[in-house]
């Protein structure tokens, strides 16, 4: 696995990171996971996410915050968890 600030991730590194993230996402609540995916991966604004999920924008922001916090904790707890 590539290490250091100037290291370029290999295909294997990226695949490993993707699997770690997918595993961590499965451990986050369904509602928080949906908001995280829509906002952080699909690129929707919180207002758009709120419209899609029929919730208030403030609820979408809270769920996103909870998802990010949970994902950080999960990824840090994994062996070699250096994720921030």
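The values are calculated or read from the model by the stated rules, or taken from the named source; none is laboratory data. The structure presented is a predicted model; accordingly, all values stated were derived computationally and were not measured. Heads up, the Cβs are rebuilt from the backbone with ideal geometry, glycines too, and the neighbour counts pull from every protein chain shown.
Scanning the stretch 3-17 for residues that are modelled with pLDDT of 75 or more and in a loop (DSSP other than H, G, I, E, B) gives 8, 10. The residues of the stretch 54-66 that are part of a helix (DSSP H, G or I) and farther than 17 Å from residue 28 by Cα, listed by number, are 57, 58.
For the stretch 9-26, filtered to residues that are surrounded by 11 or more Cβ atoms within 10 Å (Cβ to Cβ) and more than 11 Å from the chain's Cα centre (by Cα), the residue that is nearest to residue 46 (Cα to Cα) is 17.
Residues in the stretch 42-67 that are closer than 25 Å to residue 79 by Cα and either surrounded by fewer than 18 Cβ atoms within 10 Å (Cβ to Cβ) or without any contact (Cβ under 8 Å) to a residue 12 or more places away in the chain (or both): 65, 66.
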